[in-house]
Amino acid sequence: MKASSLSGLWLSLCLAVFGVTALSGCSQTASKDHLYQQLGSTVGIEKIVDALLVEIENDPQIVHHFRDTDIARFRKLLIEQLCELSGGPCKYTGVSMQESHTGFKITQADFDNLVRHLMKVMTEQNISIAAQNQLLGLLAPMYGDVVYR
Ligand code: HEM
């Protein structure tokens with residue numbers, strides 16, 4: 001059976017068993033399995049993060065936040081986090097989003113800039129809009145832990 005029919009089956013099962021209220025959770029579980037693949041697995045995620053680092057470096061609005069950051073460590077942790085979050089075989093080993101962003105006074109505009117850069121690099125790497133939206137949907141709940149801390 002093709003992966004697409006499998007996820008369709010999973011969605012129907014979710015609907016039948018859990019009803020409409022559980023739909024978003026079910027669809028997330030069903031498609032998360034292949035979000036990691038849609039991002040190009042670990043190699044693709046590494047490419048996304050590397051391109052994102054270049055965007056950050058060239059953005060005068062946000063680059064100052066990273067003045068004292070160990071970029072190699074940040075890169076490794078962001079790859080781990082995106083890999084785990086998208087359903088890949090990684091384990092995030094960094095600290096919580098709240099802890100790592102406290103004291104940086106990151107604004108909503110900074111957050112929006114980072115999201116814009118992320119969307120740009122994913123588009124450049126031919127990641128589908130659906131997969132981009134799915135990843136952004138997984139990152140969105142972190143907003144409150146990152147901004148105005
Ligand atoms: C949902 C959005 C974001 C995610 C998923 C994210 C993810 C991460 C991760 C995984 C780390 C490493 C944590 C650790 O050190 O253990 C980190 C650190 C950091 N993030 Fe974010 N981040 C986000 C938004 C932002 C934004 C909008 C900014 C500023 C424009 C920012 C600036 C930083 C800085 C400066 C550090 C390094 C802190 C240090 O040097 O100790 N982050 N972030």
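The values are calculated or read from the model by the stated rules, or taken from the named source; none is laboratory data. This is a predicted model, so every value here is computed, not measured. Every residue, glycine as well, gets a Cβ built from its backbone with ideal geometry; the counts of neighbours run over all protein chains shown. Surface areas here come from the heavy atoms of the whole protein model, side chains and all, with no ligands, DNA or RNA. Shrake-Rupley method; radii C 1.70, N 1.55, O 1.52, S 1.80 Å.
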Matching residues in the stretch 127-149 - criterion: being more than 16 Å from SER86 (Cβ to Cβ) and either part of a loop (DSSP other than H, G, I, E, B) or not small (Gly, Ala, Ser) (or both):
TYR143, ASP145, VAL146, VAL147, TYR148, ARG149
Which members of the stretch 139-149 meet the condition of being surrounded by fewer than 17 Cβ atoms within 10 Å (Cβ to Cβ) and within 22 Å of ALA51 (Cα to Cα)?
ALA140, MET142, TYR143
Starting from the stretch 115-143, take each residue that is among the hydrophobic types (A, V, I, L, M, F, W, C) and list its partners that are open to solvent by 50 Å² or more (accessible area, probe 1.4 Å) and in a helix (DSSP H, G or I), counting only C-beta distances under 6 angstrom and pairs at least six apart or across chains.
ALA131/GLN38
Restricting attention to the stretch 87-100, does a residue exist that is near the ligand (Cβ under 7 Å from one of its atoms) and β-branched (Val, Ile, Thr)?
yes
Quick check on GLY88: is it at pLDDT 95 or above and more than 18 Å from PRO141 (Cβ to Cβ)?
yes
Of all residues in the stretch 40-85, which are over 21 Å from GLU124 (Cα atoms) and more than 11 Å from the ligand (Cβ to nearest atom)?
PRO60, ALA72
Residue within the stretch 43-54 that is over 25 Å from ALA130 (Cα atoms) and not aromatic (Phe, Trp, Tyr) present:
no
Do you know which residues across the stretch 72-118 are over 15 Å from LEU52 (Cβ atoms) and small (Gly, Ala, Ser)?
GLY87, GLY88, GLY94, SER96, SER100, GLY103, ALA109
Being open to solvent by less than 20 Å² (accessible area, probe 1.4 Å) and at pLDDT 95 or above is the filter here, so list the residues in the stretch 30-57 that pass it.
LEU35, LEU39, GLY44, ILE45, ILE48, VAL49, LEU52, ILE56
